[in-house]
1. Enumerate the calculated ³J(HN,Hα) couplings along region 264-269 in order (Karplus 6.51 cos²θ - 1.76 cosθ + 1.60, θ = phi - 60°), each rounded to whole Hz, writing x wherever the residue is Gly or Pro.
2. What three numbers, in Å, describe the spread of the alpha carbons of region 46-118 along their principal axes, ordered from the longest?
3. Order 143-153, 172-182 from most to least packed using the mean count of other Cβ atoms within 10 Å.
4. I want to check the label-to-label distance for Asn395 and Val480. Put each point 7 Å from Cα in the C-beta direction and report it in nm to one decimal.
5. Check which residues have an amide H placed less than 5 Å from Met425's amide H, if you skip close sequence neighbours.
6. Picking from Phe168, Gly102, Val87, whose Cα lies most toward the positive end of the charge dipole for region 60-200 (charges on Cβ: Lys, Arg +1; Asp, Glu -1)?
7. Choose one of Val141, Leu117, Tyr186: the residue whose Cα lies farthest towards the positive end of the charge dipole of region 114-256 (beta-carbon charges +1 Lys, Arg; -1 Asp, Glu; about the Cα centre).
8. Just the number please: accessible area per residue for region 245-289, 1.4 Å probe, all protein chains included, in Å².
Amino acid sequence: MGNTCTVVDCCFGLRQRQQCCFPCLRLCSYDHRPVFYSQDGKEVVQPLVAFFRPNQQRVRKLPVPGLTLDPDDLNLGLGPVEQIAAVCKHAQDNDLRVRAVGRGHARVTLTSVEDILIDMTTLDRVLVRHSPETDVHHVVVEAGMLADDFARELQHVYGLAVPAYGNFSGHTLGGLISTGGHGSGYAKKILADSVVELHMIIEGGIQVKIRRCNVSNQEIDVPFDDIRDRVRNANVRSEPIVILSTEVFRAVAVGLGSLGVIYSITIRCEPSFNIEEFRTPIEISWPGERLSGCFAFPSGFVDMYTVDHEFSTFVLHPIPDPTRGQVEPGYAVIHGIYFGGKRTGDPPASHNCCPCCPGSRGLLGCRILQNDCMATTLLCGTSCCARQVPMVTKNTIRMLSHRSSYVHQWHKVLQLTPDVNVVSMEWFVALDELEAAVADVISMAVTYGTKCQHFSLLPIACRVLEADDFYLSPTCQSRVAEESITHYGCIEVPFLPGEYGAAQFHKVIDELLYEKYQARPHWGASHLLTQPRVRKSYPELDKWLQVYRLFNKNGTFGNTFTERCGFDDLDARKKSQSISRTRSFRRNRRGFVDQRPDSSIFATIDEVDDPIIMSESSV
């Protein structure tokens, strides 16, 4: 498109409806300066200083303006970890802001930054595998590797599996873990629960390796005061600091990309297995507005997901079907399918429905039909006649079912759909409130359908998860109203990009679920979280902020997202940082004269830090 692309911003609008036109537009740039687009095209990041891509090989020069290397580094070269550390150190010295980014599948502006963007997708290797126990394997993988590629390599090269896997097509491992990515299952937790250790680069280019204490090995948590002293006394040339602390790990495992740059992840794996998937059609009576009664899951519904299943997902048509009203006058029916699967020793399915589709899943497994172009065609066809949308959704539900069971390798079963872009919001409520929450979502869908002529083109999905102990996890066991939650229900309401009124519909449901059920939205999906709501939703936020202040003391990893959520406003350093950044913006961006804040500002920050001292605990 020439040296200067003048049509990116106008063509970019095509993404809102014409999904198939967008992939090529992501290659556009300004004067050969890369621009980052999120997967749905709503977030555009134009770093003014550098768009940095770490190299897997050792290098002697980094394409960051103003960054100079020491003679020793020039002779030996920098590996990928040292490259990221040098960039983070340069950012601290010049009061720049840094953010790591993957494929941009987060539906919220997590990565918006004005200075330096680090593209982690170039770091996509499995580094090492070791087996500390008989049936447990620890695999070290770089954070930029796609989850789908990681699953295939685990299966075909190592014969291993991830116990808490989900539909992670197109996501990087670092992004999934940082935002609380999850699968489904009554006895399954989020993916971060399978993480053993995180290798991170924090502010100043300091390397840290954080892991939980192992009670069986009689390990003891390191006091937080000792951790603080070690971090403050380290520098970019120090050896990685090993932090053995359950409390710190609970903060960094779901760190939202705000605590530093994750280089590698050690994941707990197990021997590979096959899954037999089955789908049970379900029908739920929907009482009319004039009749007494309430929405209720059928008997035996709980037994479906409390059994030993590898995953449990309910897919429901949000618009009641009035055609069954003759059987039960005044009532309608909610159609749905329950997806479940058990481990099995049977071999994988050997026949295919078409050359590009593994197994015998019918149209659901056909990757020719499930792509952005087909989604665009469907959206354009239904936009002219909104009344036909319920019929299309009902037929989609039917296409999801199959009569025979489907047996295949774990990742081919759990990887339910390909990488089709949707605009979705997910909310987590206590499991015993899931039934009432689903009824409210369906009622809202009915209201919008009758009054606003707005129907959801995609079915809603409900999942079940076990609670965890990570401070900012949406499925954290701590809640404001209750002392502890053991299980959560997840409600996902997806839309195709460009569907009319989707944003308003999401907003109404979000307000309803939060007020009635204290629902927490998924960090990686679209959400409307602000500082007051984050404070009310996460009672252990102060413990997370303590680690945030230590790893990101001067705001190197801060951005508009951290400001909106109140992470930068909840301590007294805001004023001093504002003064520092005002001074730094006077610098010449070509020369990058080092204008670090003077020692008096640092003294002010240290005096007001006063972090909450964490008590020692074990797993």
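The values are calculated or read from the model by the stated rules, or taken from the named source; none is laboratory data. No experiment lies behind these values; they were computed from the predicted model shown. Cβ atoms come from the backbone with ideal geometry, glycine included; neighbour counts cover every protein chain shown. When the accessible area is computed, the model is the full protein with side chains, heavy atoms only, and any ligands, DNA or RNA have been set aside. Shrake-Rupley method; radii C 1.70, N 1.55, O 1.52, S 1.80 Å.
1. Computed from phi, the couplings for region 264-269 are 9, 10, 9, 10, 7, 10 Hz.
2. 42, 25, 15
3. The most tightly packed comes first, giving 172-182, 143-153.
4. 4.5 nm
5. It is Val493, by chain and number.
6. Phe168
7. Tyr186
8. 26 Å²
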